[in-house]
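Remarks on the structure that follows.
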Amino acid sequence: MPPFEQGARWYLIQTRPRQEARAEEHLRRQHFECYRPLKQRQGAGGKAEEPLFPGYLFIRLDRVEDNWYPIRSTRGVARIVSFGGQPVPVEDALIEQLRWRLAQPAAPFCPGERVRITEGGLQAVEAIFVSQDGEERSVILLRLLQREHRVSVPTRYLDCCPSSSAP
C-alpha cells in the first residue's frame, strides 16, 4: 500500500445503473462530501438535468481520518474505482475545472443544428449553428450566392428550425 497522503482527496465512485442520485443522497446522509456533475439537456418536456458521467460520482475522502467501509454497502454504490487494488485520487484541479465549465452558460444550440434567423436583414433565412461567439453572439454557417459563409449574429436572433432542407 502506498504511503498515506495527508488531507482529503477526491475519488471516483461507480454507482449502480441509473442510481447516481440515490448513491449521492445516501453518502451525504453519512456526512460524505460528494460531487455529481450535472449538465442541462433540452428534452421534449423542457430542460432537464442529466449526469455528465452516467454511473459515476466523486467523493471527497481522507485516507487516514475517514471510515471507508460504509461506502461499499451504501445504497446505489457499486464500488470505489481502484487500480491495482488501490483507490486512485482525482486531482482537485479537475474537479474545479468541471465546476467552472458547468457554471458557464450553455450554448442554446448544438453544433450542426439547423437554425432560423428571426430578426434583422436575414430574417427567415435558415443556417447551421457552428458555435457560441461570446455570451450574446453565435457563429452560423449561411449558404448565400452558392457559397458558405461564417457569420456572427446575436444569439437572440436565432430559433430552432423545424425544416429538414439544407440551408
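Bear in mind these aren't lab numbers, they're just calculated from the coordinates by the rules spelled out. Since the model is a prediction, treat every value here as computed from it, not as a measurement. When we count neighbours, we look across all protein chains shown, and the Cβ atoms used for this are built from the backbone with ideal geometry, even at glycine.
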Subject >> Translational diffusion coefficient (Stokes-Einstein; Kirkwood radius from C-alpha pairs) of region 24-123 at 37 °C, 0.692 mPa s, in µm²/s >> reply: 194
Original post:
What residues qualify as long-range amide H neighbours of Leu52, i.e. H under 5 Å apart, gap of 5 or more or another chain, H built at 1.01 Å from N?
Top reply: Leu38, Lys39
**OP:** Sort Trp100, Trp10, Trp68 so the one with the fewest other Cβ atoms within 10 Å of its own Cβ comes first.
**Re:** Trp100, Trp68, Trp10
Original post:
Say each of Ala93 and Ser73 gets a label point 7 Å from the Cα, pointing the same way as Cα to Cβ; how far apart are those two points in nm?
Top reply: 4.0
Original post:
Looking at region 75-124, which GluC sites (Glu not before Pro) are DSSP coil and have at most 13 other C-beta atoms within 10 Å of their C-beta?
Top reply: Glu91, Glu119
**OP:** Arrange the following residues from fewest to most other Cβ atoms within 10 Å of their Cβ: Asp66, Asp92.
**Re:** Asp92, Asp66
**OP:** Give me the number: length gained by fully extending Glu136 to Glu25, i.e. 0.36 nm times residue separation minus the C-alpha to C-alpha distance, one decimal in nm.
**Re:** 36.3 nm
**OP:** Could you calculate the contour length gain from Glu33 to Val151, that is, 0.36 nm times the residue separation minus the distance between their Cα atoms, to one decimal place in nm?
**Re:** 38.0 nm
**OP:** Starting at the first residue of region 61-76, write each ³J(HN,Hα) from the Karplus equation 6.51 cos²θ - 1.76 cosθ + 1.60 with θ = phi - 60°, in whole Hz, x for Gly and Pro.
**Re:** 9, 9, 5, 9, 7, 8, 8, 7, 4, x, 4, 4, 9, 6, 4, x
**OP:** Kindly identify region 52-98 as rounded, prolate or oblate by the Cα gyration tensor criterion: order the square roots of the eigenvalues as a ≥ b ≥ c, call it rounded if a/c is under 1.5, otherwise compare a/b with b/c, prolate if a/b is larger, else oblate.
**Re:** oblate
Subject >> Listed candidates [x] 0.92; [y] 1.17; [z] 0.94 - label of the one calculated as Rg/Rh (Cα atoms, Kirkwood Rh) >> reply: [y]
Original post:
Rounded, prolate or oblate: which fits region 114-160, taking a ≥ b ≥ c as square roots of the Cα gyration tensor eigenvalues, rounded meaning a/c under 1.5, else prolate when a/b beats b/c?
Top reply: oblate
